[in-house]
Amino acid sequence: MVSIKIKIFGLFNWTIKREALWSVHGPVLQFEHGTYAIRYAGLGDIRQVEQWYRMNKAQNFKDWKSAMHMRSIPSFNSVFADYTGNIFYLYNGNIPVRKSGFDWKNYLPGWTSETLWDEIIPFSKLPMVQNPASGLLYSTNQSPLYVSEDSDNLKLESLPKHGGIELTQNNRSLRLSELFSPKTNLTFKEFEEIKYDMYYSKQSVVAKYVEAIIHAIDEEDSVLQTSKAILKKWNLSTHPENTEAALGMLTLTPFLKWTYQKIDEPLLIEYVRTASKQLMDTYKTLTPPYGKVHRLIRGKQDLEIGGGPDILHAVYATNYAPGKMRGFSGDGLVYLVKWDSTGKVYSQSIHQYGSATSRPDSPHYSDQSALFARREMKPVWRTKTEILQNLESSYKPGEEIKK
């Protein structure tokens, strides 16, 4: 039996006792319809913070790779780059060595040792790409088969058997491929522009849904026909000034998933009707600028913002009022980094809010939001001279802050 303290209100707590079940696989959950054992990579390992620390303290590629060999961070794709020109992609994961003969995507019999895995794939067998000839690597939570130019990408047969590794691309990886492929050289400004790309690929899930919606609308209803014409005209941009994106994103947001899932045409039409009504009721038009609908709201700031789900300028939003969307997730702390020929590093950064995210009374609670919404960056001060020249205040622990 284990004791569980439940907070009721204020200082009042209530302690209950419950039976805790454990098996050779790991923790056990018991329901009316069955009993399930859970086993996952990294079970019992508490060294995650240590590995993050060692990764951040690495002085070179060898140090960083040594930290990755700890295998205490059981997931997260990682990309490394340094001033010497090394670039490295790792599909990081503690992937179990699983036996054949089972559907590892489904429930498994827990009463046989055949399903009890106790080894993980060696580090050297994980999907990785080092210093590709193209000089290009990117990671957007896509399949490790699509992280560079085609000639540098891994082959399907190289992936671990029963690894559960995704095989598909997402919009961000599609767009990066489309934007990088024509280029042989890249300026830092072009690199920044690619980061803030606001288009959906014509091969994306969004493009497929828009096509399905257009095909579904065959009624004579004037509003639906106008909506159909707007969606046909939409170039899949989510720039704040785009006048077709609002209808598209309001229609898609309620059901948009990572992968395409067929939706019955009557339901698609209902989504279009709802979005159209919201726009007409709120703005008296079906084509308001996207930024008027799509907002970054923080403290007293209410700002127009571009981007969308699975866009390189990623902004995930929810409908907080009819015809109004509010970003709640996506791009957060963003860094752009470059090195010169001597190895000197230069970087820019931005945060969607500010450095005092938990203190509404601080001027830094939302002082970066306007820059973020305009897709602008600020320099990162690295030397003591730079820091002192831009210092707002200084203090020692126990002393008053000196403005």
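The values are calculated or read from the model by the stated rules, or taken from the named source; none is laboratory data. Values in this document were obtained by computation on a predicted structure and should not be read as measured data. Cβ atoms come from the backbone with ideal geometry, glycine included; neighbour counts cover every protein chain shown.
Is there a residue in the range 126-137 that is at pLDDT 95 or above, within 16 Å of Ser78 (Cβ to Cβ) and touching a His at 6+ places or on another chain (Cβ under 9 Å)? No, the range 126-137 has no match at all.
From the list Gln352, Gln348, the one residue that fits, being within 23 Å of Glu190 (Cα to Cα), at pLDDT 95 or above, outside any loop (DSSP other than H, G, I, E, B) and of a type outside the set (Gly, Ala, Ser), is Gln348.
Yes/no per residue for (1) among the polar types (S, T, N, Q); (2) in contact (Cβ under 8 Å) with a residue 40 or more places away in the chain:
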| residue | (1), (2) |
| --- | --- |
| His294 | no, yes |
| Leu303 | no, yes |
| Ser355 | yes, no |
| Arg382 | no, no |
| Ile387 | no, no |
| Asn390 | yes, no |
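Among the conditions (1) assigned to a loop (DSSP other than H, G, I, E, B); (2) farther than 30 Å from Thr287 by Cβ; (3) of a type outside the set (Gly, Ala, Ser); (4) over 19 Å from the mean Cα position of the chain (by Cα), the only one that Glu386 does not satisfy is (1).
Scanning the range 357-380 for residues that are assigned to a loop (DSSP other than H, G, I, E, B), surrounded by 13 or more Cβ atoms within 10 Å (Cβ to Cβ) and touching a residue at least 60 places away in the same chain (Cβ under 8 Å) yields Ser366, Arg375, Met377. Entry remark, the range 1-13: residues being part of a strand (DSSP E or B) and within 27 Å of Leu43 (Cβ to Cβ) number 5 in total. Counting only residues that are touching a Leu at 6+ places or on another chain (Cβ under 6 Å) and without any contact (Cβ under 8 Å) to a residue 60 or more places away in the chain, the range 313-347 holds 1 of them.
Scanning the range 265-316 for residues that are surrounded by fewer than 21 Cβ atoms within 10 Å (Cβ to Cβ), of a type in the set (Phe, Trp, Tyr) and part of a helix (DSSP H, G or I) yields a count of 2. Among the residues of the range 124-148, those identified as of a type outside the set (A, V, I, L, M), touching a helix residue (DSSP H, G or I) at 6+ places or on another chain (Cβ under 7 Å) and within 13 Å of Ala81 (Cβ to Cβ) are Pro132, Tyr138.
Quick check: is even one residue across the range 358-374 within 30 Å of Glu190 (Cβ to Cβ) and either more than 28 Å from the chain's Cα centre (by Cα) or β-branched (Val, Ile, Thr) (or both)? The answer is no; no qualifying residue exists. I need the full set of residues from the range 368-384 which are modelled with pLDDT of 95 or more and either within 25 Å of Tyr316 (Cα to Cα) or not aliphatic (A, V, I, L, M) (or both), in order please. Matches in the range 368-384: Gln368, Ser369, Ala370, Leu371, Phe372, Ala373, Arg374, Arg375, Glu376, Met377, Lys378, Pro379.
Restricted to the range 149-180, and to residues there that are part of a loop (DSSP other than H, G, I, E, B) and in contact with a helix residue (DSSP H, G or I) (Cβ under 9 Å, 6 or more places away or on another chain), the residue that is farthest from Lys208 (Cα to Cα) is Pro160.
Here is a yes/no grid of residues against (1) small (Gly, Ala, Ser); (2) farther than 30 Å from Met377 by Cα; (3) in contact with a Leu (Cβ under 9 Å, 6 or more places away or on another chain):
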{"site": "Glu192", "(1), (2), (3)": "no, no, yes"}
{"site": "Ser201", "(1), (2), (3)": "yes, no, yes"}
{"site": "Ala212", "(1), (2), (3)": "yes, yes, yes"}
{"site": "Asp221", "(1), (2), (3)": "no, yes, no"}
{"site": "His239", "(1), (2), (3)": "no, no, no"}
